[in-house]
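Note sheet for the following structure.
Just so it is clear, none of the values below were taken in a lab; they were calculated from the coordinates. These numbers were taken from a predicted model, which means no experiment stands behind them.
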Amino acid sequence: MDQTMSFGHKIEILRGLETYGYQVAHYMLQEEELALDAVKLALLEISAKDEFFTEEIASQRAQWRKLVMRHAIHMKQIWLVAKQRNPILN
């Protein structure tokens, strides 16, 4: 079986996961901009992993959820440090 996948097909898969990732990140963070940034970083990371695109859909969603959660936590940490250094931030 040919393991190569077209760029267009990878984009299609990522677009299908993007909304779900945003829902997860926004639920965790309750902040739109942080959630968007977390999903962007997760998309960049996952797009470089060719093996991800050959996984079953359920496995892709589970990996995607974990990755988005990790990036959401990281974004919150960055925000908290910035807020601590500059209390004017909301």
Item to check | region 35-84 and region 10-26: distance between their alpha carbon centers, rounded to Å | outcome: 10 Å
Checklist outcome for this item: Output for the chain (equivalent-ellipsoid semi-axes, sqrt of 5λ from the C-alpha gyration tensor, Å, descending) is 30, 11, 10
Checklist entry - In degrees from 0 to 90, rounded to the nearest 10, what is the angle of the helix 57-85 Cα long axis to the longest principal axis of the chain? => result 20 degrees
Checklist entry - Reported to two decimal places, what Rg/Rh ratio describes region 23-75 when computed on Cα atoms with Rh from the Kirkwood expression? => result 0.99
Checklist entry - How large is ³J(HN,Hα), in whole Hz, for each residue of region 28-42 in order, when computed from phi with the Karplus curve 6.51 cos²θ - 1.76 cosθ + 1.60 and θ = phi - 60°, using x for Gly and Pro? => result 6, 9, 6, 8, 4, 5, 5, 5, 4, 5, 4, 5, 4, 5, 5
Item to check | Candidate aspartates and glutamates - alpha carbon under 16 Å from LYS10, same-chain residues fewer than 8 apart omitted | outcome: ASP2, GLU18, GLU45, ASP50, GLU51, GLU55, GLU56
